[in-house]
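Engineer: Submitted below is the structure of interest, expressed as structure tokens.
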Amino acid sequence: MPGLLDSCERHFGSNDLYTVLGVRRTAEGAEIRRGYHKTSLRVHPDRAPEEEKDEATAKFQVLGKVYAVLSDKEQRALYDEQGIVDEESDAISQDRNWEEYWRLIFKKITVEDIKEYETKYKGSEEERADVIQAYLDFEGDMDTIMESVVLSGIDDEPRFRDIIKKAIKKKEVPAYDAFVKEAKKKRDQRKKRAHDEALEAEAMRKDIGLGSGEDDLKALIQKRQQDREKEVDSFMAQLEAKYCKNTKKGGQKPTAPKKGKK
């Protein structure tokens, strides 16, 4: 059976684990988790046509192993330092049910879950940490920061800017030009997009005959999620182009030798 790096090359065209997830080598846990979620959604077997299910399942299993390695401190350190993975480690056990593993990480949520989580999340330390991490990930670009932080809307921007400004003042984060020198025109364009999206959502609700009940809200959320997934695919391609230009030329990783369990 081929090793993980060989499987990555076969199914994703690269044996670099970071390229497979579409994240930077310096990515923290939250960014790696987002990369795993976005990439796995594209190849999830439940979304594949019958004739492509076997290939989708193989890709899905490979992604699970990639995430397991990069989310494990010791396994990631081994990979970063030596370019190998421990094929016999518990992190990428062949016996693991990867679909069950995925569902444990990304459980299906209801509208009530969203509302309850939003109440706890807004203004929390968790949200602050996510805003700061997004600021670092995207080097101060408020467009991508607003898209990245969960449950964020244009009304949250002043609060996010205040969080970032305080962090800059305390020297917790660098003062990126994209943030501190952002033009008013760019802010106005962001507000206009948010306004247009709100009008679009209302028009969509009317066009497909949705009311304001829970089932109708679920249908609208699902439609918006489908649209957002298309945007995510484009954005992930941009990340790969920016951060992973040289992964296939030159820097090939050696295949992992078999190791005993630690």
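The values are calculated or read from the model by the stated rules, or taken from the named source; none is laboratory data. This structure is a prediction, so every number in the text was calculated from the model and none was measured. Because the Cβ atoms are built from the backbone with ideal geometry, glycine has one as well, and the counts that use them run over all protein chains shown. Note: accessible area is taken over every heavy atom of the protein model, side chains too, but ligands, DNA and RNA are not part of it. Shrake-Rupley method; radii C 1.70, N 1.55, O 1.52, S 1.80 Å.
Engineer: Tell me which of these residue 24 doesn't satisfy, since it passes every other one: (1) in contact (Cβ under 8 Å) with a residue 24 or more places away in the chain; (2) buried (at least 19 other Cβ atoms within 10 Å of the Cβ); (3) in contact with a helix residue (DSSP H, G or I) (Cβ under 6 Å, 6 or more places away or on another chain).
Structural biologist: (2)
Engineer: In addition: Which number in (1) at pLDDT 85 or above; (2) surrounded by fewer than 18 Cβ atoms within 10 Å (Cβ to Cβ); (3) hydrophobic (A, V, I, L, M, F, W, C) marks the one condition that residue 151 misses?
Structural biologist: (1)
Engineer: Something else about it: For region 6-21, check the following and say yes or no: at least one residue is over 16 Å from the mean Cα position of the chain (by Cα), small (Gly, Ala, Ser), modelled with pLDDT of 90 or more and buried (at least 16 other Cβ atoms within 10 Å of the Cβ).
Structural biologist: yes
Engineer: Another question about this same structure. Quick one: residue 189 ticks every box in (1) in contact (Cβ under 8 Å) with a residue 12 or more places away in the chain; (2) polar (S, T, N, Q); (3) open to solvent by 60 Å² or more (accessible area, probe 1.4 Å) bar one, so which box is it?
Structural biologist: (1)
Engineer: Among the residues of region 62-69, are any in a helix (DSSP H, G or I), among the hydroxyl-bearing types (Ser, Thr, Tyr) and at pLDDT 90 or above?
Structural biologist: yes
Engineer: While we're looking at this one, here's another question. Can you pull out every residue in region 42-70 that is within 17 Å of residue 97 (Cα to Cα) and surrounded by fewer than 16 Cβ atoms within 10 Å (Cβ to Cβ)?
Structural biologist: Let us first name the residues in region 42-70 that are within 17 Å of residue 97 (Cα to Cα), namely 43-46, 53-69.
Once the filter is applied, which keeps residues that are within 17 Å of residue 97 (Cα to Cα) and surrounded by fewer than 16 Cβ atoms within 10 Å (Cβ to Cβ), region 42-70 yields 46, 53, 54, 55, 58.
Engineer: Continuing with the same structure: I need the full set of residues from region 79-128 which are open to solvent by 50 Å² or more (accessible area, probe 1.4 Å), within 21 Å of residue 38 (Cβ to Cβ) and at pLDDT 85 or above, in order please.
Structural biologist: 126
Engineer: Considering region 165-182 alone, what residues qualify as being assigned to a helix (DSSP H, G or I) and within 22 Å of residue 24 (Cα to Cα)?
Structural biologist: Correct list: 177, 178, 179.
Engineer: While we're looking at this one, here's another question. Which of the residues spanning region 1-20 are farther than 19 Å from residue 82 by Cα and part of a helix (DSSP H, G or I)?
Structural biologist: Scanning region 1-20 gives 10, 11, 12.
Engineer: Scan region 29-39 and give yes if some residue there is assigned to a loop (DSSP other than H, G, I, E, B), out of contact with any Pro (no Cβ under 8 Å at 6 or more places or on another chain) and crowded, with 22+ Cβ neighbours inside 10 Å, otherwise no. I'd like the intermediate steps shown before the answer.
Structural biologist: If we filter region 29-39 for residues that are assigned to a loop (DSSP other than H, G, I, E, B), which is where we start, we get none.
No, region 29-39 has no match at all.
Engineer: Which residues, taken from region 139-151, are more than 13 Å from the chain's Cα centre (by Cα) and not in a helix (DSSP H, G or I)?
Structural biologist: 139, 140, 141, 151
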